[in-house]
Amino acid sequence: MSTVDTSDSHNWFVRAAAVIGDLSNPFYAEERQRDVWNEASAVALQVLIWLQLLAATAAVWIAGATAVPYVSALIGMAGVAGWVAVLYSWSQGVAVQKCPRTSWRRMGPLLGVVGLLAAGLVRAELAHASVDGWSTVSGVATGIVVTAALLTGLSRYARRRIGADSEG
Amino acid sequence: MRRARLMAELTQAELAAGTGVTRQTIVAVEAGDYAPSVYLALAIADRLSSTVEELFGGVGETIAADAREGM
């Protein structure tokens, strides 16, 4: 028996996720196999996000402004993967944001790398601005604000929809 | 659970086949490394002609005690 019957869900996102994740595969019917694979997938997601963050940080400090578009793509991919995981959890009624504790031993290195990446991006943009004026910097700032607004809106919409689905 | 399985004269592989899981899962449950779902616990109890309380009662009390301490 599977954890959730994703194929019959009324939520299109859950049905799409089931297809992408091949969640109807008989492999998932064996409960311990499923649990172990879920843990392995969680580890793999963390490894992927860490590798992308480290690669982005190294690229922006080594190549400077030239790397910014590729770094943005790497950050975007890590962000999308993380968001899909969070949205899927919400759609199944699991509030991942209500984690009972925050491990600062885990968060410390992550915040360090994110800070280093942000500093590298600012450095690259400032160097670029001295050549190309401030249009790029204002473009990046606008992009960050628009992305943050989009993510906030999407998250509110998703949680409202999920709440409506679970009540319906 | 191991004692109940031996009393029923079943191998781990036979119990696994009878409950629709892999032998590794039975090994993990017997070693206390894996807490089975209610469905699997019921299937194991049925196959061993026992009850979930008899097989996993102690585990349930430990989990409940841990949960109370965590609150």
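The values are calculated or read from the model by the stated rules, or taken from the named source; none is laboratory data. Bear in mind the structure is a predicted one, so any value in this text is a computation, not a measurement. Cβ atoms come from the backbone with ideal geometry, glycine included; neighbour counts cover every protein chain shown.
One table, with the values for the structure above:
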| quantity | calculated |
| --- | --- |
| Output for segment A:38-82, where each listed residue is aromatic (Phe, Trp, Tyr) and surrounded by 15 or more Cβ atoms within 10 Å (Cβ to Cβ) | A:Trp61 |
| Within segment B:37-63, tally of residues that are in contact with an Asp or Glu (Cβ under 7 Å, 6 or more places away or on another chain) and either more than 17 Å from A:Val36 (Cβ to Cβ) or assigned to a loop (DSSP other than H, G, I, E, B) (or both) | 1 |
| Test for B:Glu9: is it surrounded by fewer than 11 Cβ atoms within 10 Å (Cβ to Cβ), charged (D, E, K, R) and at pLDDT 90 or above | yes |
| Residues satisfying the stated conditions in segment B:1-32, i.e. without any contact (Cβ under 8 Å) to a residue 12 or more places away in the chain, of a type in the set (Asp, Glu) and assigned to a helix (DSSP H, G or I) | B:Glu14 |
| The listed residue being at pLDDT below 90 and more than 30 Å from B:Asp33 (Cβ to Cβ), out of A:Val4, A:Val60, A:Val14 | A:Val14 |
| Matching residues in segment B:3-17 - criterion: being touching a helix residue (DSSP H, G or I) at 6+ places or on another chain (Cβ under 6 Å), among the small types (Gly, Ala, Ser) and within 14 Å of chain A (Cβ to nearest Cβ) | B:Ala16 |
| Residue match in segment A:77-99 (condition: under 20 Å from the mean Cα position of the chain (by Cα), at pLDDT below 90 and more than 30 Å from A:Phe13 (Cβ to Cβ)) | no |
| Residue pairs meeting the criteria (Cβ under 8 Å; at least 6 apart or on separate chains; first within 14 Å of another protein chain (Cβ to nearest Cβ), in segment A:9-31; second surrounded by 14 or more Cβ atoms within 10 Å (Cβ to Cβ) and of a type in the set (Val, Ile, Thr)) | A:Glu30/B:Val21; A:Glu30/B:Thr22; A:Glu30/B:Thr25; A:Glu31/B:Val21; A:Glu31/B:Thr25 |
